[in-house]
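Here is the structure we will look at, set down as structure tokens.
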Amino acid sequence: MQVSQRTHSPLQWSLTVLGLSTFAYMAYATLFGPYKTTIVHLGLFAASMLGISFLDRRRSERPLARMVQWSLDIAFAAAAVGTMGYIVVDFERLINLWGSSFLTTTDVTIGLIIVAVSLEAARRHSIAVFLLGVFGVIYMLYGSSFPGVMQHAGMDLQRFTYLVSYTTEGFFGVGLSVAASYLFMFMMLGSALQATKTGDFIMNVANATMGRRTGGAAKSAMMASAGLGTMVGSSIGNVVATGTFTIPLMIRTGFKPHVAAAVETNTSEGAQLVPPIMGAAAFIMAQLTGIPYATIAIAAILPAALYYLSLFCVIHMEALKLGLAGVPEEDIPSLRQSLADGWHLLIAPAVLFYLLIVEAYTPAYASLVAIAVALVFGLARGVSRLPLRQILDQFDSGVRQAAAITALIVSIGLLQAAIVTTGLGPRITDIILAVSDGSLIVTALLAVVAATVLGMGMPTPIAYLLLAMFAAPALVTAGAPKLGAHLFLFYFAIKSGSTPPVALVAVVAAGIARANWWRTAVTAFVHSLPGFIVAFMFLYSPALLFQGEMHAVVISAVSAAVGVYAMAAAVQGWCGGRIGWIERALLTVGAFTLIRTGLLTDIIGIALVAAVFVFRSRLVSTLPPVRQETRS
């Protein structure tokens with residue numbers, strides 16, 4: 001899978017050199033430690049990422065507008081590099097300041113420029129993050145003017161500047177640290193895997209394995225997206241990478257365009273649940289919660305399996321309703337040949353998994369080693385070998401994607417400072433619990449609403465970071481286990497990309513399918529309902545996350561699988577044949593009953609599902625056979 005060739009003007013060449021130099025420096029820092037100290041390391045990283053972010057964009061064709069844009073881009077890029085340079089040069093004095101009263105006028109000015117740069121970087125990529133950043137600034141400075149529980153003493157400009165621009169509670173806080181420590185090298189790994197045609201290999205294996213089955217084109221899309229998406233790390237990127245091939249194939253074999261787009265949307269989003277990489281979220285979660293990475297990755301195994309089980313059931317029932325068979329035989333590659341051509345491409349992911357889980361190396365180090373392994377084995381065989389220029393283009397593209405995400409992340413430092421330094425975090429928890437009256441289910445529903453709002457148009461890592469700040473403490477206080485609460489929020493941060501009214505992931509998929517994006521988003525949401533059952537189980541059934549005795553894990557997995565099937569059947573109106581609203585209602589009640597772990601609720605839920613299934617099984621022999629066909 002290759003990136004398009006970029007026209008290299010002098011500016012683009014300069015950005016490419018800067019980006020690849022940043023990659024080289026980050027590799028050096030991963031192996032030998034950060035240059036001088038952490039704040040210098042983060043400053044160098046932020047200067048490069050923000051500089052690339054400001055200069056790497058399309059500009060207007062109109063001369064006057066283009067000149068204005070150029071001027072602003074250069075000004076903000078220079079401000080980003082200049083302010084970070086100031087910190088790098090004078091870091092010894094700045095990190096040893098005893099408080100805001102020791103800031104000079106120059107320090108305050110530089111600090112305020114950092115705030116302005118952060119807000120502008122966010123504005124260019126997400127209005128929502130920009131507005132949250134603006135709120136953080138206003139709240140810190142004028143908190144005494146806010147009503148009720150939101151009120152705090154406020155602070156002067158000098159203290160505000162010190163906290164936001166020169167401490168780890170602001171600009172140099174969790175967001176920038178996560179971008180430098182986890183996201184950057186992980187995105188470089190995704191570029192390396194794509195440069196060695198790992199995506200093509202996964203697509204071929206998926207088609208060879210699933211293509212002949214009922215609804216084979218959609219099931220192939222599900223398998224390919226799960227495999228490729230976990231290393232792409234972006235739902236939209238996954239849709240573009242796999243949907244270009246899978247969506248037309250689904251339409252050609254009989255799926256309606258909006259259904260094909262919805263299937264690709266859901267399968268691409270779910271890939272970020274798949275361990276070991278999980279779209280980098282596992283690394284962020286480990287940083288925020290203190291839970292070991294290995295524990296998080298293992299905990300995600302059953303949720304990911306159940307998510308794709310829910311999609312498999314929905315796809316299978318959709319194909320049965322439409323009477324669809326599989327992919328035409330001439331479009332199915334040989335599994336043996338595909339494995340023979342690409343088996344070596346699985347070595348790098350295997351090395352990554354081993355280093356992370358078994359050896360417990362840092363994500364950055366494990367990713368760097370996996371990059372080296374991917375390049376060595378990928379270049380060793382002609383079938384996966386690309387010219388050096390295309391490999392460098394892949395890394396260049398990965399750096400620019402990392403720069404765009406970093407531009408969003410740095411403004412989260414403003415929000416982090418507002419939450420930590422003003423006591424806003426505990427106040428938000430109190431407000432949420434007051435509204436929910438301490439009920440875990442109501443608190444969870446409020447968190448879902450927050451995920452939908454905060455996740456509009458944002459990359460999943462950003463949406464999850466925001467939710468972890470705002471909603472996770474309330475869920476834990478209401479009784480949810482910490483790991484379950486964070487996985488629950490991560491799940492809905494992922495799904496916010498396809499939830500109306502914004503639904504950017506669905507919009508991209510609909511564009512490929514030439515379908516109505518709203519219809520696509522609604523269909524994707526409905527198809528996701530069985531997976532929602534699994535997400536709520538995170539809060540009530542720790543065993544589903546491998547927390548507890550093995551017999552409890554097995555019971556939870558079985559009850560969850562039954563609940564997923566029941567909800568899929570209710571959504572599709574199919575259980576061995578078309579079913580009516582009464583049967584769909586019984587299946588829905590059974591599925592919801594299985595959310596809460598307990599002997600009585602499990603018996604009731606399974607009994608309801610079994611009753612409908614047995615009833616339909618007795619009737620199925622009287623129904624006409626479903627016509628199977630392969631459409632070309």
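When residues in the range 66-84 are screened for being open to solvent by less than 30 Å² (accessible area, probe 1.4 Å) and either touching a strand residue (DSSP E or B) at 6+ places or on another chain (Cβ under 6 Å) or of a type outside the set (S, T, N, Q) (or both), 5 of them pass.
A Cβ distance below 8 Å, combined with a sequence gap of six or more or placement on separate chains, defines the contacts here; from the range 526-544, residues that are closer than 12 Å to Tyr308 by Cα and open to solvent by 10 Å² or more (accessible area, probe 1.4 Å) reach residues that are in a helix (DSSP H, G or I) and among the small types (Gly, Ala, Ser) in the pairs His527/Ala262.
Hey, could you check the range 545-556 for residues that are within 24 Å of the chain's Cα centre (by Cα) and at negative phi and say which is most open to solvent (accessible area, probe 1.4 Å)?
Narrowing the range 545-556 to residues within 24 Å of the chain's Cα centre (by Cα): 545-547.
Applying the additional criterion that residues be at negative phi yields 545, 547.
Details: Leu545: 3, Gln547: 83 Å².
Taking the candidates together, the pick is Gln547.
Output yes when any residue across the range 181-190 is under 26 Å from Val115 (Cα atoms), open to solvent by 20 Å² or more (accessible area, probe 1.4 Å) and assigned to a helix (DSSP H, G or I), and no when none is. Yes, there is a match, as at least one residue in the range 181-190 is under 26 Å from Val115 (Cα atoms), open to solvent by 20 Å² or more (accessible area, probe 1.4 Å) and assigned to a helix (DSSP H, G or I). Against the conditions (1) surrounded by 24 or more Cβ atoms within 10 Å (Cβ to Cβ); (2) modelled with pLDDT of 85 or more; (3) farther than 22 Å from Thr362 by Cα, Asn238 satisfies every one except (2). In the range 413-436, the residues that are under 10 Å from Gly173 (Cβ atoms) form no Cβ pair under 7 Å with any partner that is in a helix (DSSP H, G or I) and of a type in the set (Asp, Glu), whether six or more places apart or across chains. The set of residues in the range 194-227 that are over 17 Å from Gly270 (Cα atoms), modelled with pLDDT of 85 or more and among the aliphatic types (A, V, I, L, M) comprises Val205, Ala208, Met210, Ala217. Just so you know, in the range 44-70 the residues that are within 15 Å of Leu11 (Cα to Cα) and small (Gly, Ala, Ser) include one that is nearest to the chain's Cα centre (by Cα), and it is Ser53. Apart from one condition, Tyr365 fits all of (1) open to solvent by 30 Å² or more (accessible area, probe 1.4 Å); (2) closer than 30 Å to Ala217 by Cα; the exception is (2). Taking Thr246 as the residue in question, decide whether it is polar (S, T, N, Q), open to solvent by less than 30 Å² (accessible area, probe 1.4 Å) and closer than 24 Å to Lys321 by Cα. Yes: the conditions hold for Thr246.
Looking at Arg618, is it on the phi < 0 side of the Ramachandran plot, at pLDDT below 80, part of a helix (DSSP H, G or I) and out of contact with any strand residue (DSSP E or B) (no Cβ under 7 Å at 6 or more places or on another chain)? Give the derivation first.
Numbers: on the phi < 0 side of the Ramachandran plot: yes; at pLDDT below 80: yes; part of a helix (DSSP H, G or I): yes; out of contact with any strand residue (DSSP E or B) (no Cβ under 7 Å at 6 or more places or on another chain): yes.
Considered against the rule, which asks whether it is on the phi < 0 side of the Ramachandran plot, at pLDDT below 80, part of a helix (DSSP H, G or I) and out of contact with any strand residue (DSSP E or B) (no Cβ under 7 Å at 6 or more places or on another chain), Arg618 comes out as yes.
State whether the residues of the range 583-597 include one that is at pLDDT below 90, assigned to a loop (DSSP other than H, G, I, E, B), over 28 Å from Val259 (Cβ atoms) and open to solvent by 70 Å² or more (accessible area, probe 1.4 Å). Yes - at least one qualifying residue is present in the range 583-597.
Would you confirm, using the coordinates I've provided, whether Gly590 is more than 14 Å from Met317 (Cα to Cα), more than 35 Å from the chain's Cα centre (by Cα) and among the small types (Gly, Ala, Ser)?
On the way: more than 14 Å from Met317 (Cα to Cα): yes; more than 35 Å from the chain's Cα centre (by Cα): no; among the small types (Gly, Ala, Ser): yes.
So Gly590 does not fit the description; no.
On inspection, Thr499 qualifies as on the phi < 0 side of the Ramachandran plot, open to solvent by 20 Å² or more (accessible area, probe 1.4 Å) and in contact with a helix residue (DSSP H, G or I) (Cβ under 7 Å, 6 or more places away or on another chain). For the range 406-416, check the following and say yes or no: at least one residue is of a type in the set (A, V, I, L, M, F, W, C), at pLDDT 90 or above and open to solvent by less than 30 Å² (accessible area, probe 1.4 Å). Scanning the range 406-416, I find no residue that is of a type in the set (A, V, I, L, M, F, W, C), at pLDDT 90 or above and open to solvent by less than 30 Å² (accessible area, probe 1.4 Å), so the answer is no. Residues that are open to solvent by 80 Å² or more (accessible area, probe 1.4 Å), part of a helix (DSSP H, G or I) and not β-branched (Val, Ile, Thr) within the range 125-155 comprise Leu131, Tyr142, Ser145, listed in sequence order. Suppose we keep only residues that are modelled with pLDDT under 90 and open to solvent by 10 Å² or more (accessible area, probe 1.4 Å) within the range 560-580. Which one would you say is nearest to Pro275 (Cα to Cα)? Ranking the candidates gives Trp574 first. Residue count for the range 374-396 under the criterion of being modelled with pLDDT of 90 or more and touching a Gly at 6+ places or on another chain (Cβ under 9 Å): the result is 2. Report whether or not Ala474 is buried (at least 24 other Cβ atoms within 10 Å of the Cβ), in contact with a helix residue (DSSP H, G or I) (Cβ under 6 Å, 6 or more places away or on another chain) and among the aliphatic types (A, V, I, L, M). Here the answer is yes, as Ala474 does meet what is asked. The set of residues from the range 29-44 being within 20 Å of Phe172 (Cβ to Cβ) and open to solvent by 70 Å² or more (accessible area, probe 1.4 Å) comprises Tyr35, Lys36, Thr38.
In the set Thr523, Thr601, which member is assigned to a helix (DSSP H, G or I), at pLDDT 90 or above and either open to solvent by 40 Å² or more (accessible area, probe 1.4 Å) or among the polar types (S, T, N, Q) (or both)? Outline the logic, then answer.
Details: Thr601 fails: at pLDDT 90 or above.
Thr523 is the lone residue from the list that is assigned to a helix (DSSP H, G or I), at pLDDT 90 or above and either open to solvent by 40 Å² or more (accessible area, probe 1.4 Å) or among the polar types (S, T, N, Q) (or both).
The values are calculated or read from the model by the stated rules, or taken from the named source; none is laboratory data. Model, not experiment: these values are computed from the prediction. All Cβ positions, glycine included, derive from the backbone under ideal geometry; neighbour counts span all protein chains shown. Keep in mind that these areas ignore ligands, DNA and RNA; they rest on the heavy atoms of the full protein, side chains included. Shrake-Rupley method; radii C 1.70, N 1.55, O 1.52, S 1.80 Å.
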